[in-house]
Every structure is written in C-alpha cells, then in structure tokens.
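> The structure is given below, and queries will be raised subsequently.
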C-alpha cells in the first residue's frame, strides 16, 4: 500500500515536469513570493510580525501600506514615504534622459565595419522584457550578453558591461518597451532552462562571503527593513526597471553592475559579469518580476 | 608607612585596571561602529548610545549589561548556536573579528543598559 502511494506520488511529480510544464516550479515560487510581499506590506496592523525590530514610530509615519502587484516596481520607494518624496523630486527632470537619447542614436546610427548594424541583431527595440532568454547550447543569455554577442559576431569589440554605451543602449530598449506597455516575459521551456533557473535560485538563497549573508536575507526576510539608513527593496518586482541611474554612481548602470555592488556588501569576491553564475542568477531574479510592466530606466539612490 | 604604600599601590592598580577597561570599551565601540570592522550598526541600534544611522535588520540592543559575558561572546562568535536561523553573521567563526576584538566588543556590549 505504502509503496503504491509513493509510486503515485513519484508519478505525480514526474508528470508535473511533463512537456510544457517546465516553468511549473518557477510559477509556484513567483506566486508564493508575491503573496508573501503583499502580506508583509498589507497593513500597519500586522507590521509587528514582519518588522519586529523597526521602531513603531517609523512604522506609523514613514511606511506606506496596502501594496499590491505593480506597486513593487518602485523598489524601496513603494513603502518608504520619505524616499518616495525625494524620488519624485529627482524625477521632475530625470537624469537618464540623455542616456536614452544616446542609446537611440547608437541603435539607429551605429554602422559596423561590415556594413551591418544593431537593427540586424535586434530588429525590434521593444525587447527589454524578453531577456534573459534561455538558448539551447548557450545557456542563459542576458540582454547585456546579447548586445556584446551582436558586436563580437560582427567583428566589433565588446563593450563594458557595467556602464557607458551598453547601458545607454539598454536604456533605449527599456524606454521603448515601457512606452509600448511591454511586460516582463521570461520563458522557461526546457529541462535545461528549468535547471538554470534552479541554479539561479540556489545562488540567491546561499549564504556567501565572510558575512554569511544570502541575497534572500536582505531582499526577502530583510525587505522593508534597513541596513543602516538604506531601506531594502523586495525581490518581487525588483529588476523590471533596469538599467538604473543611481545617484550614488551619478551615472547609469546595468543590473550586473548593481549585483556586483551587493556581492561586495556581502563580503563576497565578485563574479564575472558574463559568468554562468551571473547569468543564471539574473534569470531567476528577472523571473521574479514576470508579468509586471517594464519600468525602466529609472532612478535609485 | 608600609600601609600607605600598599594603599597607594592598590589605588594605582585600580586606576590602571579602570583605564584598561575603559580603553577596551572604547575599542569595542569603535569596532561596533566601523563598517570595515564589526559593522554592527548596519543592523543594530543600542539603548542609551548615540549610533549614527543604525539599521533595523536586527533588534535594538538593550539590557545587555545583564547578560553573562560568555553569552555575549557566543552570540558574536556564532549566533547560530542559540538561533540556527539567525540573519546575523558569525563574526568569530568566520574570522571577521579576532578573539581579542570580540572581547572588546563584549566589553562595550556590557555597557548597554
């Protein structure tokens, strides 16, 4: 009897992984994450359970409650009222507008030596929500990696993956995607893709660096709390707005650049920006914004 | 005369002891508030102390004067011994802080009411 139960259970889980269901686990993870964050930020009344160490007065005065779905696109400004005021002020004249223009120029007028251009690699610029993609034989391809692949395959030199032209071009892609109302649309449609996702997830939950902190410590349990004066943004909806103009950088930067900063916060030696580690991590991260509108570029402290 | 001398000597050592203990507390305070050292203020406020922008990931520390030194030492050395799911880094076990530095931090923690 027991054996049959186990057998059916096994069968059950196998059929779960049947054709077309490779994203079943990821869907479940995303749903659970969204529910957790919406509960966490639902009301002042339950805040004591989720924010045991945050001063009560701060919970009373500086937090916005009742957050849902797309609200999370704002990162920590979704709940931090003071931060949101400053954000609104800076946004009156968004500092990334020049970057978007520069990116448009690069997209429309860069001619490679062989006569081709970015339009040959990316006929439609409204693609910010489509990346990363899992490509058989290549693994996870982030937008950053795709842009450099385009350059290299046309015998051009690859660009710096943190800032500069590459970030500008991504800003243009993001801004067109946003204008057209595109959503983050990450696809997991093979066993290998599901494995890459699981690898990224494992990285996210693993304690690393000499401080033994995981990304989840700060952006899941820690979301909404502060590391010194910095409010921690929730994983849900966290990366739909890249590239980001950071006041701390006085510059526009890619998601890879931002993650490198967090690795340093953890006391971790950093990974290469096009390593499998980084690409799989970004695959997982971006899936956790799936279905939300592309919101980039944006500004952050 | 002899008595006086002893008294003076005793007073002297008491003073040095007090001085040494004071220095230890100061060193601990510095470790607590320095990013490259303990960086404790990233997560903790401390009752009765002036901390510059303390975080809220960990509890506001209070009543630690009443904790046994060993309990404080263990907490900083490896918080998982008392809380296996702690979000606090194990400063001793990871070698971020030396035995001497943790003792200094403990001396400072003992001054938190």
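Quick note: the coordinates plus some simple rules give every number you see, no bench work behind them. Keep in mind the model is a prediction, meaning the values are calculated, not measured. Note that each Cβ is placed from the backbone with ideal geometry, even for glycine, and that neighbours are counted across all protein chains shown.
> Yes or no: residue B:37 assigned to a loop (DSSP other than H, G, I, E, B), buried (at least 21 other Cβ atoms within 10 Å of the Cβ) and either touching a strand residue (DSSP E or B) at 6+ places or on another chain (Cβ under 7 Å) or in contact (Cβ under 8 Å) with a residue 24 or more places away in the chain (or both)?
For residue B:37, the condition - assigned to a loop (DSSP other than H, G, I, E, B), buried (at least 21 other Cβ atoms within 10 Å of the Cβ) and either touching a strand residue (DSSP E or B) at 6+ places or on another chain (Cβ under 7 Å) or in contact (Cβ under 8 Å) with a residue 24 or more places away in the chain (or both) - is not met.
> Any chance region B:71-88 includes a residue that's within 14 Å of chain A (Cβ to nearest Cβ) and within 21 Å of residue A:231 (Cβ to Cβ)?
yes
> May I pose another question? Can you tell me how many residues in region A:180-212 are within 30 Å of residue A:48 (Cα to Cα) and buried (at least 22 other Cβ atoms within 10 Å of the Cβ)?
Number satisfying all stated conditions: 1.
> If I filter region A:25-38 down to residues being farther than 20 Å from residue A:293 by Cβ and surrounded by 13 or more Cβ atoms within 10 Å (Cβ to Cβ), which single residue comes out as farthest from the other protein chains (Cβ to nearest Cβ)?
That would be A:25.
> Which of the residues that make up region A:110-126 are out of contact with any helix residue (DSSP H, G or I) (no Cβ under 6 Å at 6 or more places or on another chain), touching a residue at least 24 places away in the same chain (Cβ under 8 Å) and crowded, with 16+ Cβ neighbours inside 10 Å?
Those that are out of contact with any helix residue (DSSP H, G or I) (no Cβ under 6 Å at 6 or more places or on another chain), touching a residue at least 24 places away in the same chain (Cβ under 8 Å) and crowded, with 16+ Cβ neighbours inside 10 Å: A:112, A:116, A:122.
> If you don't mind, there's one more thing I want to ask. Which numbered condition trips up residue A:129, out of (1) over 28 Å from residue A:190 (Cβ atoms); (2) in contact (Cβ under 8 Å) with a residue 60 or more places away in the chain?
All conditions pass for residue A:129, except number (1).
> The conditions are (1) farther than 27 Å from residue A:249 by Cα; (2) in contact (Cβ under 8 Å) with a residue 60 or more places away in the chain, and residue A:166 fails exactly one of them. Which is it?
Failing condition for residue A:166: (1).
> For residue B:53, which of the numbered conditions (1) surrounded by 12 or more Cβ atoms within 10 Å (Cβ to Cβ); (2) out of contact with any strand residue (DSSP E or B) (no Cβ under 7 Å at 6 or more places or on another chain); (3) facing chain A (nearest Cβ under 9 Å); (4) on the phi < 0 side of the Ramachandran plot fails to hold?
(4)
> Could you please give the count of residues in region A:141-171 that are under 18 Å from residue A:257 (Cα atoms) and in contact with a helix residue (DSSP H, G or I) (Cβ under 8 Å, 6 or more places away or on another chain)?
Just the residues of region A:141-171 that are under 18 Å from residue A:257 (Cα atoms), to begin with: A:141-148, A:158-171.
Applying the additional criterion that residues be in contact with a helix residue (DSSP H, G or I) (Cβ under 8 Å, 6 or more places away or on another chain) yields A:141-148, A:158-163, A:165-171.
Number of matching residues: 21.
> Turning to a different aspect of this structure: Could you tell me which residue of region A:64-109 is surrounded by the most Cβ atoms within 10 Å (Cβ to Cβ), considering only residues that are without any contact (Cβ under 8 Å) to a residue 40 or more places away in the chain and outside any helix (DSSP H, G or I)?
A:67
> State which residue is farthest from residue A:208 (Cα to Cα) when the search covers only region B:89-99 and only residues that are more than 9 Å from chain A (Cβ to nearest Cβ) and touching a helix residue (DSSP H, G or I) at 6+ places or on another chain (Cβ under 9 Å).
B:99
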